Amino acid sequence: MSTVKKLLHTRYRVDDLERTIRFYKDVLGLREVRRHKSPRGSELVFLQTPVSEELIEICSFPASGPVQVQPDLTHLAFEVDSLADFAQHLSKLGLAYSDGPHLKDDGSGFAFIDAPEGYEIELMQRPTQYLLASQTASRTA
C-alpha cells in the first residue's frame with residue numbers, strides 16, 4: 001500500500017497578500033522562498049521558518065470572494081525559545097498576545113497572536129528540561 005511521505009505545505013487564503021507577508025516576515029521571522037501566479041490566477045507566496053522543511057503557502061485569489069475566517073477553525077503553531085522574550089519582541093512592534101501566555105509547572109506553555117485575516121498563530125515554549133538539553137547538545141556539537 002502506498003502512503004504519503006511528508007507534509008510539504010499548508011495553504012492559507014488571504015485578501016491582503018502583501019500585508020500578510022509582511023506580518024509573517026516581520027513578526028514571526030519567516031523567509032520568503034518563492035512567489036508565483038498559479039495557472040488559475042492565484043497569487044502564491046511560499047514562506048518557511050529557519051529550521052523546518054515544510055512551507056506555508058499564502059494565497060490571494062480575489063475571484064473566490066472575501067476571506068471569512070471562522071473563530072477557532074484553524075491555526076498555525078510555531079516553537080519559540082521563550083514566550084516572555086517573544087512578548088517583548090511583539091511589544092516593540094506595537095503588538096501583544098491575544099490569549100496567554102499559559103505556562104505549566106514544567107516550563108512549557110503557549111500563547112496566541114492574531115494574524116491578518118483573523119487566523120490565529122500559536123506560539124509554543126518547550127519544557128525547561130527540553131530547552132536545557134537542547135542548549136547543552138548544541139554547545140558540545
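Of the residues Val14, Val45, Val33, only one is within 16 Å of Ile121 (Cα to Cα), modelled with pLDDT of 95 or more and not assigned by TED's automatic domain parsing to the domain that holds Arg126; which?
On the way: Val45 fails: within 16 Å of Ile121 (Cα to Cα); Val33 fails: within 16 Å of Ile121 (Cα to Cα).
Residue meeting the stated conditions: Val14.
Here are Asp81, Asp85: which of them is of a type in the set (D, E, K, R) and out of contact with any helix residue (DSSP H, G or I) (no Cβ under 9 Å at 6 or more places or on another chain)?
Working: Asp81 fails: out of contact with any helix residue (DSSP H, G or I) (no Cβ under 9 Å at 6 or more places or on another chain).
One residue alone meets the criteria, Asp85.
Just name the residue that is farthest from Glu43 (Cα to Cα) out of those in region 60-115 that are among the aromatic types (Phe, Trp, Tyr) and either surrounded by fewer than 17 Cβ atoms within 10 Å (Cβ to Cβ) or not assigned by TED's automatic domain parsing to the domain that holds Val27 (or both).
Filtering first and then ranking leaves Phe110.
Can we say Arg35 is within 19 Å of His9 (Cα to Cα) and touching a Pro at 6+ places or on another chain (Cβ under 8 Å)? Show your work before the answer.
Working: within 19 Å of His9 (Cα to Cα): yes; touching a Pro at 6+ places or on another chain (Cβ under 8 Å): no.
No: the conditions fail for Arg35.
The values are calculated or read from the model by the stated rules, or taken from the named source; none is laboratory data. Just so we're clear, the structure is a prediction, and the values are computed from it rather than from any experiment. So basically every Cβ, Gly included, is an ideal-geometry build from the backbone, and we count neighbours across all protein chains shown.
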